[in-house]
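What follows is one structure encoded as structure tokens, with my remarks underneath.
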Amino acid sequence: MKEGNIVEEKSFEFSVRIVNLYKYLTTTKQEYVISKQLLRSGTSIGANISEAQQAQSPMDFLSKMSIALKEAYESDYWLRLLHRTDYITEDKYNSIITDCRVISKLLVTIIKSTKNNNK
């Protein structure tokens, strides 16, 4: 991970939180379906951001960051569903959804900036 890359750092920390939430949901709450979906989308954000750092072209970079954004939006959905169905508490939800939305906003800014710079 490149030092000082805020979105990469935040997405990695978010992935760690998602893995820990997955472990909690499967062991404590016995929830396996939604938590698996969240595990996939939540960890995919950082993986795509990390992959984008070695993009072969600006379009490749944009593609990877766009996929990361889609995964962030999907993660937001699964988190809302887990909260609404009482699998996660209000406090846990508010904490992790804030992280997810911060990453989404960073990605939107990066994608817009990249598109403007490549016009």
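All of (1) assigned to a helix (DSSP H, G or I); (2) in contact (Cβ under 8 Å) with a residue 24 or more places away in the chain; (3) open to solvent by 60 Å² or more (accessible area, probe 1.4 Å) hold for residue 100 with one exception: (3).
Contact map, the stretch 1-19: residues that are modelled with pLDDT under 95 paired with residues that are surrounded by 13 or more Cβ atoms within 10 Å (Cβ to Cβ) and assigned to a helix (DSSP H, G or I), Cβ distance under 6 Å, separation 6+ or inter-chain. Pairs shown: 1/8.
Consider residue 30 carefully, then state whether it is on the phi > 0 side of the Ramachandran plot and open to solvent by 70 Å² or more (accessible area, probe 1.4 Å). Judged against the criteria, residue 30 is a match. Within the stretch 24-41, restricting attention to residues that are part of a loop (DSSP other than H, G, I, E, B) and within 17 Å of residue 92 (Cα to Cα), which residue is nearest to the chain's Cα centre (by Cα)? Ranking the qualifying residues of the stretch 24-41, first place goes to 31. If the condition is being assigned to a helix (DSSP H, G or I), open to solvent by 60 Å² or more (accessible area, probe 1.4 Å) and either modelled with pLDDT under 95 or under 16 Å from residue 118 (Cα atoms) (or both), then the stretch 45-76 contributes 58, 59. Determine whether residue 41 is within 28 Å of residue 119 (Cβ to Cβ) and surrounded by 17 or more Cβ atoms within 10 Å (Cβ to Cβ). Criteria not met by residue 41.
Of the numbered criteria (1) open to solvent by less than 20 Å² (accessible area, probe 1.4 Å); (2) of a type in the set (Gly, Ala, Ser); (3) farther than 22 Å from residue 4 by Cβ, the one residue 95 fails is (1).
Count of the stretch 62-97 residues, restricted to those that are more than 19 Å from residue 36 (Cβ to Cβ), without any contact (Cβ under 8 Å) to a residue 40 or more places away in the chain and hydroxyl-bearing (Ser, Thr, Tyr), is 3.
The selection criterion, being among the hydroxyl-bearing types (Ser, Thr, Tyr) and assigned to a helix (DSSP H, G or I), does not hold for residue 87.
The values are calculated or read from the model by the stated rules, or taken from the named source; none is laboratory data. None of the values given here were measured: they were computed from a predicted structure. A quick note on method: Cβ atoms are made from the backbone with ideal geometry, for glycine too, and the neighbour counts reach across all protein chains shown. Note: areas computed on protein heavy atoms with side chains; ligands, DNA, RNA excluded. Shrake-Rupley method; radii C 1.70, N 1.55, O 1.52, S 1.80 Å.
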